[in-house]
Each structure stands twice: as C-alpha cells, then as structure tokens.
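The values are calculated or read from the model by the stated rules, or taken from the named source; none is laboratory data. What you see is a predicted model, and the numbers here were worked out from it, not measured in a lab. In this analysis, Cβ positions are derived from the backbone assuming ideal geometry, glycine residues included, and neighbour counts consider all displayed protein chains. Ligands, DNA and RNA are excluded from the accessible area calculation, which covers all protein heavy atoms including side chains. Shrake-Rupley method; radii C 1.70, N 1.55, O 1.52, S 1.80 Å.
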Amino acid sequence: MEDILRGINVAPSILSADFGRLGEDVETVLNAGARVIHVDVMDGHFVPNITIGPLVVKALQSLVHGAGALLDVHLMIERPERYVTQFAEAGADMIVVHQEACVHLHRTLAQTHEAGALAGVALNPATPVETLSEARHFCDMVLVMSVNPGFGGQSFIETSTDKIARARALLPDDVIIEVDGGVSEHNAGALVAAGAGWLVAGSSVFGGPDIEARFAAVARAAVEGV
Ligand code: DX5
Ligand code: ZN
C-alpha cells in the first residue's frame, strides 16, 4: 500500500465508465495498471447530480483489492460524517470529504481514521489552500478540485496548477495531493511537476474506445512530469 500512497497514480473515475458493464470497465483499467480507483458519490444537494452509494463500493471491493489496488471514495455530499463509517465498512481505503461540507472537519477526519480508512479533504476551486493550515496535520490527502464538482467532462480550470504548487508548499511531505477534473494526457505532466501525486481521470480514460490505451497515455504523461 505504501508504494501506491507515495507513487504517481492515475486514478480512473468510474463516473465516466459504462455502468451497465462496470465490473468489466474496472477490470480493464486494473489490467492496464491502475492502482487507485476513484468513486464519485453525489447526493443531489452538495452538488446537483446524484450518483452512487456504499453498495457499489462493496460490489467493487473484491475485484479492486484482489488486484492490489485501492478504492478512493470522493464524497460530494452534505454532512458526510453520517456515511463515513458505512463507506469504510464497504471497502473504501481512502475517504475524501469536502471542507465546505464539514462544520467539524477535525472530528470527521478522526472518525474516518477510527473506521479504518485514510482521510482526505477536498477543496472546491474557490476555496483557498490556506483554509487547511490546521487540518493539514490531521489528513492523509488533499484533493484539489480543478473543476466545480458534480459532473465529468468539464474543462480544467487553469489556475489549479498554481494552486497545487501552493498546496504542496503548505502541506507536510507525507500528505498526498490529488487533482480531480479535466485531467488528460495534455496536462498530467505539469500537474505532477506542480506536486500532484494522484491524478483523477474520468472522461480522458473512459470517454472513448480502447480504454487501456487511453489510460496508458495519461499514465505516461504523468510520469513524464516527475
Ligand atoms: C467531478 C468528479 C470527478 C469526475 C472527473 O465532480 O469529482 O471525479 O469524474 O471527470 P473528468 O476527468 O471527466 O473531468
Ligand atoms: Zn471525484
């Protein structure tokens, strides 16, 4: 697990996969070398869209863990503290909550650790990295949103690269930086160079035929940024 946490990882987001053949699509990216699978949970309140819950995490966990990979669960929901334990029990390895959705962020991060998962904090595009000056000591990962959360296939917000560099300067070395939204082979290298370790990629991986080749192209570009 340590090498996945410390390494450069492209994390395919199943939001852009074919839900009618979700198992096959996930198997394809695992075979292509993915070691982090990103799961987007949306409640129709924190974000306009509604997606999936712990049942889908549970359904994927033996496939993902069997390949030696991790389940990275991004909660775009209000009051995520109500569901953290359920997602951990379903097999989530990393649970990311939004800073904007947590009044008692310290407690929610501690609850995530108590449930046996790693704890991440996501920041919307307009939320400054400085808001993490305290929380940086209580989390394992910071997710810099490079689009407004809610949908796949949006355009990358260009100022996010500099935001990642500022986050890297603020955060302890062992806190991973993840970037999510509009990531492709065209910006992956620059994002890694700025300090990102995990790169979520939805439509750039699942948005066309030959998923394996599409994953490989983003992964290659990411490693070039090291
Ligand atoms: C957006 C989600 C993302 C989404 C990214 O709210 O958090 O994980 O799947 O999709 P792309 O890579 O297509 O921007
Ligand atoms: Zn996401």
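In contact with a helix residue (DSSP H, G or I) (Cβ under 6 Å, 6 or more places away or on another chain) and either open to solvent by 20 Å² or more (accessible area, probe 1.4 Å) or polar (S, T, N, Q) (or both) - does that describe any residue in the stretch 88-98?
First, the residues of the stretch 88-98 that are in contact with a helix residue (DSSP H, G or I) (Cβ under 6 Å, 6 or more places away or on another chain): 90-92, 95, 97.
Remaining after also requiring either open to solvent by 20 Å² or more (accessible area, probe 1.4 Å) or polar (S, T, N, Q) (or both): none.
No, the stretch 88-98 contains no residue that is in contact with a helix residue (DSSP H, G or I) (Cβ under 6 Å, 6 or more places away or on another chain) and either open to solvent by 20 Å² or more (accessible area, probe 1.4 Å) or polar (S, T, N, Q) (or both).
Residues that are within 10 Å of ligand 1 (Cβ to nearest atom), open to solvent by 20 Å² or more (accessible area, probe 1.4 Å) and over 17 Å from I37 (Cα atoms), at least 1 per element: which helices (runs of 4 or more DSSP H) completely within the stretch 107-226 meet that? Don't jump to the end; show me each part of the working.
Details: elements: 160-170, 188-194, 203-206, 211-224.
Counting at least 1 such residues, we get no helices (runs of 4 or more DSSP H) at all.
Give me the pairs: first residue in the stretch 150-169 and touching a residue at least 12 places away in the same chain (Cβ under 8 Å) and at negative phi, second residue assigned to a helix (DSSP H, G or I) and near ligand 1 (Cβ under 8 Å from one of its atoms), beta-carbon distance under 6 Å, and six or more apart or on different chains, which are they?
Cβ pairs passing all conditions: G152/L15; G152/S16; G152/S203.
Answer yes or no as to whether T85 is buried (at least 21 other Cβ atoms within 10 Å of the Cβ), β-branched (V, I, T) and more than 17 Å from the chain's Cα centre (by Cα). Working first, answer last.
Numbers: buried (at least 21 other Cβ atoms within 10 Å of the Cβ): no; β-branched (V, I, T): yes; more than 17 Å from the chain's Cα centre (by Cα): yes.
Here the answer is no, as T85 does not meet what is asked.
Take the conditions farther than 23 Å from G20 by Cβ, away from ligand 1 (no atom under 11 Å from the Cβ) and not in a strand (DSSP E or B) and apply them to A88. Does it pass? Can you show your working first?
Working: farther than 23 Å from G20 by Cβ: yes; away from ligand 1 (no atom under 11 Å from the Cβ): yes; not in a strand (DSSP E or B): yes.
Against the criterion (farther than 23 Å from G20 by Cβ, away from ligand 1 (no atom under 11 Å from the Cβ) and not in a strand (DSSP E or B)), A88 qualifies.
Tell me which residues, restricted to the stretch 13-49, are within 16 Å of ligand 2 (Cβ to nearest atom) and over 18 Å from G152 (Cα atoms).
If the condition is that a residue be within 16 Å of ligand 2 (Cβ to nearest atom) and over 18 Å from G152 (Cα atoms), then A34 is the only one that fits.
Counting only residues that are open to solvent by less than 30 Å² (accessible area, probe 1.4 Å) and either in contact with a Gly (Cβ under 7 Å, 6 or more places away or on another chain) or without any contact (Cβ under 8 Å) to a residue 24 or more places away in the chain (or both), how many does the stretch 60-75 have? Lay out the reasoning, then the answer.
Applying the first criterion (open to solvent by less than 30 Å² (accessible area, probe 1.4 Å)) to the stretch 60-75 yields 60, 64, 69-75.
Imposing the further condition that a residue be either in contact with a Gly (Cβ under 7 Å, 6 or more places away or on another chain) or without any contact (Cβ under 8 Å) to a residue 24 or more places away in the chain (or both) reduces the set to 71.
Selection size over the stretch 60-75: 1.
Taking the stretch 1-41 only, how many residues are open to solvent by less than 30 Å² (accessible area, probe 1.4 Å) and charged (D, E, K, R)?
The total comes to 2.
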